[in-house]
Amino acid sequence: MSREYNVVALIKGDEKYVYVYDDDSRASLIETFHQHAAHPDLALNWFDAVVLTQKAEEQAETAPPSLAPVSHEPRPRI
């Protein structure tokens, strides 16, 4: 089964912020938004971090359910 990726992007002036992540990385993505908002040399601010966080959460809500759960256990024989 292939891994699916999500993208959240923001263009602010001359700076472009493009974040590519999978569903398992959403928590670290949000932490990255916070780190970038706190960085004094970046144009990304706390409002931008909130908007990006909301977009990532919307993507999680609208993601289609997995067709089949991934299992590494052997299938029982019938």
Could you list, in sequence order, all residues of region 1-33 that are part of a helix (DSSP H, G or I), in contact (Cβ under 8 Å) with a residue 12 or more places away in the chain and farther than 20 Å from Thr62 by Cβ?
Thr32
Test for Arg75: is it loosely packed, with under 10 Cβ neighbours inside 10 Å and modelled with pLDDT under 95:
yes
Give all pairs with beta carbons closer than 6 Å in which a residue from region 34-56 that is over 21 Å from Asn6 (Cα atoms) meets a residue that is surrounded by fewer than 14 Cβ atoms within 10 Å (Cβ to Cβ); count only pairs at least 6 apart in sequence or on separate chains.
Ala43/Lys12; Ala43/Gly13; Ala43/Glu15
Within region 23-48, count every residue that is closer than 16 Å to Lys12 by Cβ, in contact with a strand residue (DSSP E or B) (Cβ under 9 Å, 6 or more places away or on another chain) and surrounded by fewer than 12 Cβ atoms within 10 Å (Cβ to Cβ).
0
In region 3-22, how many are touching a helix residue (DSSP H, G or I) at 6+ places or on another chain (Cβ under 8 Å) and loosely packed, with under 11 Cβ neighbours inside 10 Å?
1
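The values are calculated or read from the model by the stated rules, or taken from the named source; none is laboratory data. Bear in mind that the values here come from a model prediction, so they are computed numbers and not experimental data. Note: ideal-geometry Cβ built from the backbone for every residue, glycine included; neighbour counts use all protein chains shown.
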